[in-house]
There are 2 protein chains.
Amino acid sequence: MKEADLILTDVSYILTMDENLTEYREADIVIKGDKIIDIGKDKKNEYFGKTIVCKNKIAIPGLINTHTHAAMTLLRGYGSDNPLKVWLEKYIWPVEGKFVSYEFVRDGTEIAVYEMLRNGITTFVDMYFYENAVADVLNTVGMRGVLAGGILDFPVPGAKTPDEAISKTEEFYKEHQNSEYITVAVGPHAPYTCSPETLKKAMNLAEKYNLLYHIHLSETKYEVEQIKEKYGNTPIKHLETLGLLKENVLAAHVVHPTDEEIELMAKRNMKVSHCPESNLKLASGIAPIPKMLEAGICVSIGTDGTASNDDLDIIGEISTAAKLHKGYNLNPTVVNSKEALLMATREGAKAIKQYDKIGSLEIGKKADITLIDITQPHLNPLFDPYTQIVYSSKGLDVDTVIINGDIKVLNKEVLVLNKDYILEKATLWKNRILENR
Amino acid sequence: MKEADLILTDVSYILTMDENLTEYREADIVIKGDKIIDIGKDKKNEYFGKTIVCKNKIAIPGLINTHTHAAMTLLRGYGSDNPLKVWLEKYIWPVEGKFVSYEFVRDGTEIAVYEMLRNGITTFVDMYFYENAVADVLNTVGMRGVLAGGILDFPVPGAKTPDEAISKTEEFYKEHQNSEYITVAVGPHAPYTCSPETLKKAMNLAEKYNLLYHIHLSETKYEVEQIKEKYGNTPIKHLETLGLLKENVLAAHVVHPTDEEIELMAKRNMKVSHCPESNLKLASGIAPIPKMLEAGICVSIGTDGTASNDDLDIIGEISTAAKLHKGYNLNPTVVNSKEALLMATREGAKAIKQYDKIGSLEIGKKADITLIDITQPHLNPLFDPYTQIVYSSKGLDVDTVIINGDIKVLNKEVLVLNKDYILEKATLWKNRILENR
């Protein structure tokens, strides 16, 4: 008998999401420290240690949300159903201009982190302001984040110029370079808010430290027209022309690529964060995901911020993706349930260049694990676990979440944040916004 | 002080969904017998009786699911992700042919009813076989159903000919005509499975007893082509030509109507059950709902069966609808959150011709009420209750469900069905199907 720190026994289905999509039934996962040290049938007999019996649960890798603006939970649903211009100009921007601060970001992120943990998310990519506040929350809670402070050509909360934002990103990177939970990324906002010079400077920084380059790209038709008019190219070709279409680029949205741009993205091994619900709700359009998958592009999935979604539920997001592309392309075989779940696990990890560490349940990888409770009538009968997760289960069916070997959610209760305190703060911010907008 | 049977006090938001969309805050709903007898601010001071304090809850009319095949829960997820032809011919039809019986329908309906109640649904329209089994479950549980035995030109479980199916519907109607919970409807399956003669005979029966005529219509492009080839008309015009486009018609799907057909439907006051998730997953397409709403057509919402959805979650369905049509039409103002919630309440009641009785929270109407728990971080802050229900809440946030004045769900627990027994039966059927298919 060998010593372990945590043994998940009798898991009904273990979907490893590894390269072979290895599956186990009625099997065990053994954790020591922050890592999975064994996995498979009857492993429980070889180890002793703290045990959680996981009968009637499906284990999957911790879910990865590759695009959000966590702190925007404080604006959840604010100004919904308006035309984009009204929504931004009358609702979102004025409130952001007046309220975004370290406290706003910290409190908004806490709500977001609670919701993401409850929905089985263990890692997320964030782009916003005061990312140091996000880092503080994540270090306290013990959750992984890839954090990119927004870089724009105009003054933003916390940085008056793009140069200041870039140098702050460098400082932020130096501070967290050895962190378990925090990975710093470079966040040029978009080609329509960043000049070619800013986009290049941001890439210089990313390449200097081998960081992810996170950008909004080809989100709306309006953006495509704007970039074409200004630079003579569609947004992705614009980046290519600037020499910025590289394998460290994680582009959010990518709703309107041309066929040529899809080929380019594949060739450059650029990564995509597909945000179907945000693209629908904001009327940006429907991304050609089946074409991207066919071209071999790494497609991960993101919720975007709750102001434009309005939730942080990755299971809901892959469910939407799996259905949406079938209906839109009149083909029931595209984005099948395995492909959909891969977006939120293996491909998510690849998109953020952390697949050596997370994204699949394998010996030697970090113990980031999400367990789904299948003892609910709405998940039965269960013919196929992938199908059931993608088409029938809800984020709220997540029962247990483990990050880096530590239990964060158990029996559907988030253990690492105080719900009442979070709700109080949400109401406080709501009242502050409504009284002073 | 007047006597009441049940008083819901301090409800944070009451969204009546009546003609004026009247709203109350921190108010009360008073129930006597099966009816709402009072509603508004401080009403609790005028009555005595059993009380439920509903602080931090939103009250809406019980949700109405206007198209499903409840018993097909036993085939949830079975054969998903296959081309339609393979899915039907290799998976669904053989199993239906071999297994559908009174027991199959009763057990499948119990799972479905559990899931629907848990998701806040109080009334559903069903089309399947052995509808007497559905009626038996609903009378036991105390839930409303509009039940249509499927009428097709070929032999189906329980009826060898369409004439037999029609005469069984008549018997079924006579048996339940005075029932509180059961409304019998006539269910000609579709124009491609029913000859003009069968369609007309079904309408004769419907008109004889003033019943709803529930039919699948214009679901796929293939159907449109088939009907055009056979009868020289698109499906809705085909019904018009037969004199069957009437105000008692509730058509499910309606994905591919022409502009002319939309006008016709409006003119004839025909009702639509929009099933967006089924239409996406089966790759049927995306219905032109904004055009239908603009034309003034009564658009309600349906989940379809779980074999093609794969859930019975009406809140999820209106959330999909609200987002889908914005993205597909590149217009963020279509199908706003109020319109979406209306589909599942007022318009649902109108679609089944029961708006005199249900579909809004008003004095004199039946006490069919769904309460949503808003004490969850994913529903906060809360700027607008409609927005929050449609874009942020989940079916699983439903806390309490009242039908005809009786409590069916309390504190997120379904009180009227035994979960363990249901799960056992689901597994039993799964094994039976897998062993004998």
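The values are calculated or read from the model by the stated rules, or taken from the named source; none is laboratory data. Quantities reported herein were computed from a predicted structural model and do not represent experimental measurements. Cβ: placed from backbone, ideal geometry, glycine included. Neighbour counts: every protein chain shown. Just so you know, the surface numbers come from the protein's heavy atoms only, side chains and all, with ligands and any DNA or RNA stripped out. Shrake-Rupley method; radii C 1.70, N 1.55, O 1.52, S 1.80 Å.
With the Cα gyration tensor of segment A:40-110 giving a ≥ b ≥ c as the square roots of its eigenvalues, does the rule (a/c under 1.5 for rounded; else a/b larger than b/c for prolate; else oblate) give rounded, prolate or oblate? Don't skip to the end; give the middle numbers.
On the way: a/c = 4.90, a/b = 2.91, b/c = 1.68.
It is prolate, given that a/c is not under 1.5 and a/b is the larger ratio.
For segment A:63-351, which whole-number percentage of the solvent-accessible area (1.4 Å probe, protein heavy atoms only) is attributable to carbon and sulfur atoms?
So the carbon and sulfur contribution to the accessible surface is 49 percent.
Sort A:270-283, B:27-40 by the packing proxy (mean of other Cβ within 10 Å over each peptide's residues), most packed first.
The densest-packed peptide leads the list: A:270-283, B:27-40.
Report B:Asp304's accessible area, 1.4 Å probe, all protein chains in place, as a number in Å² to the nearest 10.
Its heavy atoms expose roughly 10 Å² to the probe.
Find the accessible area per residue for chain B; the probe is 1.4 Å, ligands and nucleic acids are left out, and the unit is Å². Spell out each step's value before the answer.
Values: 14580 Å² over 437 residues.
It amounts to 33 Å² per residue over chain B.
Please list the radius of gyration and Dmax for the protein assembly as shown, considering alpha-carbon atoms only, with Å as the unit.
Gyration radius and largest Cα-Cα distance of the protein assembly as shown: 26.9, 80 Å.
So what's the back-of-envelope 222 nm ellipticity for chain B, counting only DSSP H runs of four-plus at -39500 (n - 2.57) apiece and dividing by all residues, rounded to 500?
-10500 deg cm²/dmol
Name the lysines eligible as straight-distance cross-link partners of A:Lys98: C-alpha to C-alpha under 26 Å, and not fewer than 8 places from it in the same chain.
The reachable lysines, counting only those whose Cα sits under 26 Å from A:Lys98, are A:Lys85, A:Lys90, A:Lys160, A:Lys168, A:Lys281, A:Lys425, A:Lys430.
Can you list the residues of segment B:405-437 whose accessible area drops by at least 20 Å² going from the chain on its own to the full set of protein chains, with a 1.4 Å probe?
B:Lys419, B:Leu423, B:Ala426, B:Lys430
For A:371-379, what's the mean count of beta carbons from other chains sitting within 10 Å of each residue's beta carbon?
Counting other chains' Cβ atoms within 10 Å and averaging over A:371-379 gives 6.
Take chain B, connect every pair of alpha-carbon atoms lying under 10 Å apart with a spring to form a Gaussian network, then pick out the residue of B:Glu219, B:Glu263, B:Glu131 with the largest mean-square fluctuation.
B:Glu263
Using only Cα atoms, find the angle between the long axis of helix B:221-231 and the longest principal axis of chain B, and express it within 0 to 90 degrees, rounded to the nearest 10.
It works out to around 50 degrees.
With a ≥ b ≥ c taken as the square roots of the eigenvalues of the C-alpha gyration tensor of segment B:315-397, please select rounded if a/c is under 1.5 and otherwise prolate if a/b is larger than b/c or oblate if it is not? Spell out each step's value before the answer.
Details: a/c = 2.44, a/b = 1.25, b/c = 1.95.
Cα axes put segment B:315-397 in the oblate bin.
Taking the full set of protein chains and a 1.4 angstrom probe, give the accessible area of B:Thr427 in square angstrom, rounded to the nearest 10.
60
What average count of beta carbons from other chains do you get within 10 Å of the Cβ of residues in B:317-329?
6
Report for segment A:63-351 the percent antiparallel among DSSP-assigned beta bridges with both residues inside it, nearest 5.
Around 5 percent antiparallel, to the nearest 5.
From largest accessible area down, sort B:Lys430, A:Lys168; use a 1.4 Å probe on the protein chains. Spell out each step's value before the answer.
Details: B:Lys430 35, A:Lys168 95 Å².
I get A:Lys168, B:Lys430, largest accessible area first.
Work out, step by step, the length gained on full extension between B:Asp10 and B:Glu263: first 0.36 nm times the residue separation, then minus their alpha carbon distance; give nm to one decimal.
Stretched out fully, the B:Asp10 to B:Glu263 stretch lengthens by 86.6 nm.
Kindly sort A:Asp384, A:Asp406 by accessible area of their heavy atoms, largest first, with the probe set to 1.4 Å.
Descending order: A:Asp406, A:Asp384.
Solvent-accessible area of A:Tyr421, probe 1.4 Å, all protein chains present, reported in Å² to the nearest ten, please.
Accessible area, nearest 10 Å²: 120 Å².
With everything on Cα atoms, drop me the angle between helix A:131-141 and the longest principal axis of chain A, reported from 0 to 90° to the nearest 10.
The angle comes out at about 10 degrees.
Would you work out if segment B:63-351 is rounded, prolate or oblate? Take a ≥ b ≥ c from the square roots of the eigenvalues of the alpha-carbon gyration tensor; rounded if a/c is under 1.5, else prolate when a/b is larger than b/c, oblate otherwise.
Rounded.
Using a Gaussian network for chain A with springs between C-alpha atoms less than 10 Å apart, which of these wobbles most: A:Glu294, A:Glu19, A:Glu261?
Residue with maximal mean-square fluctuation among A:Glu294, A:Glu19, A:Glu261: A:Glu19.
Nearest 100 Å² is fine: what is the total accessible surface buried where chains B and A meet, probe 1.4 Å?
Its buried surface, counting both partners, is about 5100 Å².
Find which of B:Leu212, B:Val137, B:Ile289 sits farthest along the positive direction of the dipole of segment B:63-351, computed with +1 on the beta-carbon of Lys and Arg, -1 on that of Asp and Glu, about the Cα centre.
Farthest towards the positive end: B:Ile289.
Taking the Cα centre of chain A as origin, sum charge times position over the Cβ atoms of Lys and Arg (+1) and Asp and Glu (-1), and report the length of that vector in debye to the nearest 20. Mind dumping the intermediate values first?
On the way: 50 positive and 62 negative charges, 28 e Å.
For chain A, the charge dipole is close to 140 debye.
With a 10 Å radius around each residue's Cβ, average the other Cβ atoms per peptide and rank B:333-345, A:89-101, highest first. Show your work: numbers first, answer last.
Working: B:333-345: 23.5, A:89-101: 16.2.
Ranked from most to least packed, the peptides come out as B:333-345, A:89-101.
For helix A:314-329, report the angle its Cα long axis makes with the longest principal axis of the Cα atoms of chain A; keep it between 0 and 90° and round to the nearest 10°.
Taking the Cα atoms of chain A, the angle to A:314-329 is about 70 degrees.
Have a look at the DSSP beta bridges in the protein assembly as shown and tell me what percent are antiparallel, nearest 5.
If we restrict to bridges inside the protein assembly as shown, about 45 percent are antiparallel.
From largest accessible area down, sort B:Glu171, B:Glu435; use a 1.4 Å probe on the protein chains.
Result of the area sort, largest leading: B:Glu435, B:Glu171.
How many Cβ atoms of partner chains, on average, are near each residue of B:390-402 if near means within 10 Å of its Cβ? Could you put the intermediate results ahead of the total?
Working: counts 4, 11, 11, 2, 8, 3, 6, 2, 0, 0, 0, 0, 0.
Partner-chain Cβ atoms within 10 Å, mean over residues of B:390-402: 4.
Which parts of segment B:63-102, residue by residue, lose 40 Å² or more of accessible area when the rest of the protein chains are there, as against the chain isolated (1.4 Å probe)?
The answer is B:Arg76, B:Asp81 - residues whose exposure falls by at least 40 Å² when every protein chain is included.
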